[in-house]
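Here the structure comes first, spelled out in structure tokens, and everything after it is commentary.
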Amino acid sequence: MTSIDGGAPLEKLPIVILISGRGSNMLAIAERAASGALPVEVRAVISDKAEAAGLASAAALNIPTRSLSPREFADRASYDQALAALLESFQPQLVVLAGFMRILSPGFIATFADRILNIHPSLLPLYRGLHTHRRALEARDSLHGCSVHFVTEELDGGPLVIQAQVKVRPDDSESSLSARVQQQEHSIYSQAIDWFARGRLQLREQRAWLDDRPLEAPVIHAASD
Ligand code: GAR
């Protein structure tokens, strides 16, 4: 239990974070949780890759870690079933996809219906899928960014919650642009999780609701430079 601003004690929401790589979003969330800034308890960090660097970072924060390799399973459905069972053993009320680079099957999504969030490195619906920074540069976009959305069966297509815009600079490379987008990812993902943990954000009737109103459009963090 934690008390915010001396107000009523708030239960911490149990979450599990899924990663495939570096885990910078996972770390940003876990560090905010550890400091009490985010009212969640990170019950576990799970990866589809045993070598994911984020697993060691999570372990260093004393968060239980697991890896489950798809190579040990015959097909996507059986992997996703095992992944869902592993997740359920931690009883999360929210599943946080943070650079988890696998498409989840309908069965998995149904198991955690209405309580899976994802972060995607583009201003959705632009640039679903991979290589979003390269595609934004190739298209000479002046504005790029990132999005948090609820996960539904449509790939990178679930209801949007919040987006941060990032101005593209004339001399940007894929890596310089991605670094600035990632900074914004850490901030908007924590914001969305905070809303969810406080019961302010839900997925209802296939739409994102914030403070009891359906979002007609995502909350936008405008680019500042
Ligand atoms: C993040 O940029 C996230 O938006 C992206 O993977 C990166 C993971 O970085 N996710 C996707 O592309 C999902 N479609 P991280 O491991 O440092 O958090």
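Residue under question is residue 149, and the condition is that it be modelled with pLDDT of 95 or more, near the ligand (Cβ under 9 Å from one of its atoms) and either crowded, with 18+ Cβ neighbours inside 10 Å or closer than 21 Å to residue 219 by Cβ (or both); does it hold? The answer is no for residue 149. Checking each residue in the range 84-107 for being of a type outside the set (Val, Ile, Thr), surrounded by 15 or more Cβ atoms within 10 Å (Cβ to Cβ) and either part of a loop (DSSP other than H, G, I, E, B) or within 16 Å of the ligand (Cβ to nearest atom) (or both) picks out 90, 92, 93, 97, 98, 99, 100, 102, 104, 105. Within the range 63-70, one or more residues are within 16 Å of the ligand (Cβ to nearest atom) and in a loop (DSSP other than H, G, I, E, B). Of all residues in the range 1-36, those satisfying the criterion of being within 21 Å of residue 91 (Cβ to Cβ), away from the ligand (no atom under 16 Å from the Cβ) and at pLDDT 95 or above are 12, 13, 14, 34.
A quick yes/no check of all residues on (1) surrounded by 18 or more Cβ atoms within 10 Å (Cβ to Cβ); (2) out of contact with any Gly (no Cβ under 8 Å at 6 or more places or on another chain); (3) among the hydrophobic types (A, V, I, L, M, F, W, C):
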position: 153; (1), (2), (3): no, yes, no
position: 157; (1), (2), (3): no, yes, no
position: 171; (1), (2), (3): no, yes, no
position: 176; (1), (2), (3): no, yes, no
position: 182; (1), (2), (3): yes, yes, no
position: 190; (1), (2), (3): yes, yes, no
position: 197; (1), (2), (3): yes, yes, yes
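When you check residue 121 against the structure, is it on the phi < 0 side of the Ramachandran plot, touching a Cys at 6+ places or on another chain (Cβ under 7 Å) and either within 14 Å of the ligand (Cβ to nearest atom) or modelled with pLDDT of 95 or more (or both), yes or no? Yes: the conditions hold for residue 121.
In the range 37-62, the residue that is surrounded by the fewest Cβ atoms within 10 Å (Cβ to Cβ) out of those that are in contact (Cβ under 8 Å) with a residue 24 or more places away in the chain and part of a helix (DSSP H, G or I) is 53. Among residues of the range 90-115 that are over 25 Å from residue 198 (Cα atoms), none has a beta-carbon under 6 Å from a residue that is of a type in the set (Val, Ile, Thr) and surrounded by fewer than 18 Cβ atoms within 10 Å (Cβ to Cβ) at least six positions away or on a different chain.
The values are calculated or read from the model by the stated rules, or taken from the named source; none is laboratory data. Small disclaimer: the values here were computed from a predicted structure and weren't measured. Heads up, the Cβs are rebuilt from the backbone with ideal geometry, glycines too, and the neighbour counts pull from every protein chain shown.
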